[in-house]
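Below is one structure, written out as structure tokens; the observations come after it.
The values are calculated or read from the model by the stated rules, or taken from the named source; none is laboratory data. Since we're looking at a predicted model, the values are computed, not measured. FYI the Cβ positions are ideal-geometry reconstructions off the backbone, even for glycines, and counts take in every protein chain you see.
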Amino acid sequence: MKPSIIHWFLAALVAALGTAQANSAPLETGAAELRELPQEFRLDGVVEATQRTTVSAQTSGQVQDILYDVDDYVEKDTVLVILKDIEHQARLNRATADLTEAEARLEEARDEFNRTKEVHAKQLVADAALDKAEAALKSARARYESARAGLAQAQEQLDYTRVRAPYSGVLTERHVEPGEVAQPGQALLSGISLDQLRVTVDVPQSQIARVREFAQARVELPDGSSLAAQKLTVFPIADPASNTFKVRLELAQGTEDLFPGMFVKTAFVTGQREQLVIPAGAVVYRSEVTGVYVVAEGGRVQFRHVRLGRLTGDGAVAVLAGLIAGERVALDPIAAGVELKRQRAERSND
């Protein structure tokens, strides 16, 4: 045998031995174990916005401009609608002038009262003169306070010509058009806030006692995760037509991927039960097949179909069928798949 062929054979043998040793390394596993988990009752719910508002005109005036439309997002205190303010501005100017005049009259009456008081102290005028000066001062002060109130009212009416958003949110409906004359109380725009959402669920009367007792629920999000309800509100009266109680699930502020009107799955805690759980990272998803690699004693690997339940929130998932307590599953499905192929190849060679 030529030296080059010998060297190649020895190198291939060393590589094969190294590969076999690497493949024979034990797989890291986790145990399928029983654990006390919440027993849940699942129902459909509807997402609602906690804050739903229709802003209305608080003063009369022609609609001059509508700055935002349906589906626009606006921040709190943003000007939404502008009403013509010519008349309101004129009232404000008149009220300002009235206050200036009342202030001058008050100053004049105060000076007159002080002079009369000094003269009266010297007994140079009668008591009636002092009384008259005092009454004039009180009257001037009253007119001044009335003028101040009139100015504040005129300023407020002018501010009403700028209709602002009561909170940050999205506009959902428009009720007026530019050029229309708005009257006090007339609806202008409607909107909702997406920052604070809740879910409304109709719970059967057979489950309402347990729902009240445990007062815990979660909402499943579109990405497969779930969100715990911050608060449960159970309506005290059942619907006689459906024999269900309305329950509201308050969600955390700023919840994403949910919008008013969406149907979602909810789960109410109604007790505790023992369930089998495994590490969620051990699960393999192949198209519509869900399974795990079970590692038996001696390192023998087997692929097993399983039916899963809910995620526990601590990196584990409940197993409804396919495993028994005590069995061990590979934590690295890729390495387990490679090992399974190697074992199959060994058996076929034998």
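Apart from one condition, residue 248 fits all of (1) in contact (Cβ under 8 Å) with a residue 24 or more places away in the chain; (2) under 20 Å from residue 313 (Cβ atoms); the exception is (2).
Is there a residue in segment 179-189 that is in a loop (DSSP other than H, G, I, E, B), surrounded by 17 or more Cβ atoms within 10 Å (Cβ to Cβ) and on the phi < 0 side of the Ramachandran plot? Taking every residue of segment 179-189 in turn, none turns out to be in a loop (DSSP other than H, G, I, E, B), surrounded by 17 or more Cβ atoms within 10 Å (Cβ to Cβ) and on the phi < 0 side of the Ramachandran plot.
In the set 139, 56, 60, only one residue is under 30 Å from residue 200 (Cα atoms), at pLDDT 90 or above and of a type outside the set (Val, Ile, Thr); that residue is 56. Strands (runs of 3 or more DSSP E) fully within segment 247-338 that include at least 3 residues being touching a helix residue (DSSP H, G or I) at 6+ places or on another chain (Cβ under 9 Å) and in the same structural domain as residue 202 (by TED's automatic domain parsing): 263-279. Of all residues in segment 79-101, those that are surrounded by 15 or more Cβ atoms within 10 Å (Cβ to Cβ) and in contact with a Lys or Arg (Cβ under 7 Å, 6 or more places away or on another chain) total 3.
Counting only residues that are outside any loop (DSSP other than H, G, I, E, B), out of contact with any helix residue (DSSP H, G or I) (no Cβ under 8 Å at 6 or more places or on another chain) and of a type in the set (A, V, I, L, M), segment 120-165 holds 7 of them.
Of the residues screened, residue 29 is one that is over 25 Å from the mean Cα position of the chain (by Cα), surrounded by 13 or more Cβ atoms within 10 Å (Cβ to Cβ) and β-branched (Val, Ile, Thr). Look at (1) among the hydrophobic types (A, V, I, L, M, F, W, C); (2) within 36 Å of the chain's Cα centre (by Cα); (3) at pLDDT below 90 and you find that residue 269 fails only one, number (3).
Scanning segment 211-221 for residues that are part of a helix (DSSP H, G or I) and farther than 16 Å from residue 235 by Cβ yields 213, 214. In the condition set (1) part of a strand (DSSP E or B); (2) within 26 Å of the chain's Cα centre (by Cα), residue 224 is compliant with all but (1). Taken as a whole, the condition of being loosely packed, with under 14 Cβ neighbours inside 10 Å and over 55 Å from the mean Cα position of the chain (by Cα) does not apply to residue 132. Evaluate segment 226-243: report whether one residue or more is within 30 Å of residue 168 (Cα to Cα), touching a residue at least 60 places away in the same chain (Cβ under 8 Å), in contact with a strand residue (DSSP E or B) (Cβ under 9 Å, 6 or more places away or on another chain) and outside the structural domain of residue 77 (by TED's automatic domain parsing). For segment 226-243, residues within 30 Å of residue 168 (Cα to Cα), touching a residue at least 60 places away in the same chain (Cβ under 8 Å), in contact with a strand residue (DSSP E or B) (Cβ under 9 Å, 6 or more places away or on another chain) and outside the structural domain of residue 77 (by TED's automatic domain parsing): present. In this structure, residue 127 does not satisfy being out of contact with any Gly (no Cβ under 9 Å at 6 or more places or on another chain) and either surrounded by 13 or more Cβ atoms within 10 Å (Cβ to Cβ) or closer than 21 Å to residue 59 by Cα (or both).
Condition check for residue 254 on (1) over 31 Å from the mean Cα position of the chain (by Cα); (2) more than 24 Å from residue 36 (Cα to Cα); (3) not aliphatic (A, V, I, L, M): one failure, at (1).
A single entry from 190, 146 fulfils the requirement of being among the small types (Gly, Ala, Ser) and more than 16 Å from residue 49 (Cβ to Cβ): 146.
Every condition in (1) surrounded by fewer than 18 Cβ atoms within 10 Å (Cβ to Cβ); (2) closer than 21 Å to residue 38 by Cα holds for residue 304 except the one numbered (2).
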